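Got a structure here, written out as structure tokens. Questions coming.
Each value in this text was obtained by applying a stated rule to the coordinates, not by laboratory testing. Note that the coordinates shown come from a computational prediction; the quantities given were computed from them, not determined experimentally. Note: ideal-geometry Cβ built from the backbone for every residue, glycine included; neighbour counts use all protein chains shown.
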Amino acid sequence: MDWQDRITVNPEVLVGKPVIRGTRLAVEFIVELLANDWSEAEILANYPGIEHADIRACLAHASY
């Protein structure tokens, strides 16, 4: 997977933090949810604008 297709950095959005493309959801926020025992299903249910591949991209970016 190429996380760069799904993660973007724009100084005008969240002070330039990496976010899921087309959202204002920061990579660090998604990783924090996972670290706090949120399941992927819970994240997708609470944030319907994102997909499984977005969560995988967040993890890939975090490990970059």
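Conditions first: (1) of a type outside the set (Phe, Trp, Tyr); (2) touching a Pro at 6+ places or on another chain (Cβ under 6 Å); (3) at positive phi. Ile7 passes all but one, so which condition is the exception?
Unmet condition: (3).
Something else: Restricting to region 19-63, name every residue that is under 12 Å from Ile7 (Cα atoms) and part of a loop (DSSP other than H, G, I, E, B).
Hits for region 19-63 are Arg21, Gly22, Thr23, Arg24, Leu25, Ile50.
Select from region 21-45 the residues that are under 16 Å from Ala60 (Cβ atoms) and among the β-branched types (Val, Ile, Thr) and write down the one among them that is surrounded by the fewest Cβ atoms within 10 Å (Cβ to Cβ).
It comes out as Val31.
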